[in-house]
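The values are calculated or read from the model by the stated rules, or taken from the named source; none is laboratory data. Since this is a predicted model, take the numbers as computed values, not measurements. Please note: Cβ atoms are built from the backbone with ideal geometry, for glycine as well, and neighbour counts cover all protein chains shown.
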Amino acid sequence: MTTENKDIMIRLESHHIWIETIGEQGEQLGIDEIDLRNVELSHYPLGQAYITACNFDGMNLNRKDFSLSLLSSSTFISTSLEGADFCKSNVSYADFTNAKVKGARFADCECIETVFVKADLSDANLVAGLFDETDFRNAILFNADVRLATFEGALLKGAILTGVRELKEAFIKSINIGSPEQPNILVGEEAKKWLNDNILSYE
């Protein structure tokens, strides 16, 4: 084990104690630009932490608790995150390309320019999330719950939207059915109609 990995393990344990004692002991985790791919994270909670620009690529983090954490600019490329909890976290500018995020909870989550290209978000809870210029191109959103979620400039080209739930309860400001380089922006009712048509077209 490298010295850096030993240091991370000590800090993870301290964060665990901090959570268990409601902040009376231990220390809240705060790390930046750390490669965590060779760190054993299975026994440690990652909620209520500051984990910015860190690398989780290709890891198995199914059902991991990331709730109430700042995870901006971190990468989860091809990471397995089925059933993971990102409730009330900030994953702005994070990259979930090809991630397995089936059944994950992004409720009340901030996702500004977050990348979900080719991610599997089947059955995901997106309730009250903020999806501002979020990239869902070629993502699977089968049966995802979007109640009270806000979409503004979200990229949706090639996304599978079959059975998306509670669309009527979502705030659809605008969507981009083109690309970042060649945008095709649909606003308001036009955006809602496109979404409705695509939800039904796969049935």
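Looking at the structure I just gave you, is E133 farther than 21 Å from T79 by Cα and surrounded by 16 or more Cβ atoms within 10 Å (Cβ to Cβ)?
yes
Of everything in the stretch 15-36, what is under 19 Å from the mean Cα position of the chain (by Cα), surrounded by fewer than 14 Cβ atoms within 10 Å (Cβ to Cβ) and part of a loop (DSSP other than H, G, I, E, B)? Give them in sequence order.
E33
Within the stretch 89-114, work out how many residues are among the hydrophobic types (A, V, I, L, M, F, W, C) and surrounded by fewer than 24 Cβ atoms within 10 Å (Cβ to Cβ).
2
Return the pairs, sorted by first residue and then second, in which the second residue is surrounded by fewer than 24 Cβ atoms within 10 Å (Cβ to Cβ) and of a type in the set (D, E), the first residue lies in the stretch 133-144 and is farther than 18 Å from I112 by Cβ and modelled with pLDDT of 95 or more, the beta carbons are less than 6 Å apart, and the residues are 6+ apart or on different chains.
I140/D120; N143/D123
Is it fair to say K88 is under 24 Å from N176 (Cα atoms) and not polar (S, T, N, Q)?
Considered against the rule, which asks whether it is under 24 Å from N176 (Cα atoms) and not polar (S, T, N, Q), K88 comes out as no.
Looking only at residues in the stretch 169-195 that are touching a helix residue (DSSP H, G or I) at 6+ places or on another chain (Cβ under 7 Å) and outside any strand (DSSP E or B), which one is surrounded by the most Cβ atoms within 10 Å (Cβ to Cβ)?
My answer is L195.
So which pairs qualify, if the first residue must be in the stretch 11-33 and free of Cβ contacts under 8 Å to residues at least 60 places away in the same chain and of a type in the set (S, T, Y), the second must be surrounded by 15 or more Cβ atoms within 10 Å (Cβ to Cβ) and outside any helix (DSSP H, G or I), the Cβ gap must be under 9 Å, and the two must be at least 6 apart or on different chains?
S14/G26; S14/L29
Name every residue in the stretch 77-106 that is closer than 21 Å to T52 by Cβ and among the small types (G, A, S), in order of residue number.
Answer for the stretch 77-106, where residues must be closer than 21 Å to T52 by Cβ and among the small types (G, A, S): S78, A84, S89, S92, A94, A99, A104.
On the basis of being closer than 23 Å to E40 by Cα and either modelled with pLDDT of 95 or more or part of a loop (DSSP other than H, G, I, E, B) (or both), does S78 make the cut?
Yes.
So which residues in the stretch 38-54 are surrounded by fewer than 18 Cβ atoms within 10 Å (Cβ to Cβ) and either in contact with a strand residue (DSSP E or B) (Cβ under 6 Å, 6 or more places away or on another chain) or under 20 Å from T114 (Cβ atoms) (or both)?
Y50, A53
Are any residues in the stretch 37-72 over 14 Å from the mean Cα position of the chain (by Cα), within 19 Å of S89 (Cα to Cα) and β-branched (V, I, T), and if so, which ones?
none
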